[in-house]
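The values are calculated or read from the model by the stated rules, or taken from the named source; none is laboratory data. For clarity, every value in this text was computed on a predicted model and none was experimentally measured. Cβ placement follows ideal geometry from the backbone for every residue including glycine, while neighbour counts extend to all protein chains displayed. Surface accessibility is based on the protein's heavy atoms, side chains included, excluding ligands, DNA and RNA. Shrake-Rupley method; radii C 1.70, N 1.55, O 1.52, S 1.80 Å.
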Amino acid sequence: MSIALRDYQLEAINAVTVSFREGVNRQLISLPTGSGKTLVMAALAMQMNKKTILLAHREELITQAVEKFKLVWPGVDIGICMAERDEIHAQIVIASIQSASRPKRLARLQEQGFELMMIDEAHHSASDSYQTVINELGFNPGSNKLLVGVSATIKRSDNLELGDTFDKVTFSRSIG
């Protein structure tokens, strides 16, 4: 790894891997804005070394994720699934939820055999588009795949429960 993580970032990764070994497959990490959530996701993906999809809802988050993954894991095979870009055969696929949830694209993503799914800004994950992708790619309750959501705000304004998507807040850190 070409970048040193902070202690709390390492703690977050450790908490996820320990909980996954204990059978918690749908986890949530809560870290404040600016605390390196994307670095945590990149380092977790590197440690697990599985076929991974990261979902985000804005182009800037996708671009940022590509940059952070390259920092943490130089040389990893990264593909982007967004608009006309369809690089879904890479080990790490960073996808816009808008593209990933389209039926034809989703059908092709299903064939990729993802074992790790990460969701940036996971407070959006209760929406229909995210739920469709989560379920169609096999990250349902009881699967042996790992779903990790990362967010600074684990409360949603529309009161839809994140508990329907995630089983446990594995790691949480406030600004203090």
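Of the residues making up segment 32-56, those that are under 23 Å from E136 (Cα atoms), in contact (Cβ under 8 Å) with a residue 60 or more places away in the chain and open to solvent by 10 Å² or more (accessible area, probe 1.4 Å) number 3. Scanning segment 113-128 for residues that are closer than 16 Å to G79 by Cα and exposed (fewer than 15 other Cβ atoms within 10 Å of the Cβ) yields a count of 1.
Are any of the residues in segment 136-153 at pLDDT 95 or above and of a type in the set (D, E)? Yes, segment 136-153 has at least one match.
Scanning segment 6-57 for residues that are in contact with a helix residue (DSSP H, G or I) (Cβ under 6 Å, 6 or more places away or on another chain), in a loop (DSSP other than H, G, I, E, B) and either among the charged types (D, E, K, R) or more than 18 Å from A95 (Cα to Cα) (or both) yields L31, G36. Could you tell me how many of the residues in segment 97-141 are part of a helix (DSSP H, G or I) and of a type in the set (F, W, Y)? Within segment 97-141, residues that are part of a helix (DSSP H, G or I) and of a type in the set (F, W, Y) number 1.
I need every pair where a residue in segment 5-24 that is closer than 13 Å to M46 by Cα has its Cβ under 8 Å from the Cβ of a residue that is modelled with pLDDT of 95 or more and open to solvent by 50 Å² or more (accessible area, probe 1.4 Å), sequence separation at least 6 or different chains. Sorted first by the residue in segment 5-24, then by its partner, the pairs are I13/Q47; T17/Q47. Checked against the criterion of being modelled with pLDDT of 95 or more and more than 25 Å from G113 (Cβ to Cβ), the candidates E11, E22 yield just one match: E11.
Is it the case, given these coordinates, that K70 is part of a loop (DSSP other than H, G, I, E, B), surrounded by fewer than 18 Cβ atoms within 10 Å (Cβ to Cβ) and basic (K, R)? In short, no.
Checking Q131, Q98, Q110 one by one, the residue that is in contact with a His (Cβ under 8 Å, 6 or more places away or on another chain), open to solvent by 30 Å² or more (accessible area, probe 1.4 Å) and free of Cβ contacts under 8 Å to residues at least 60 places away in the same chain is Q98 and no other.
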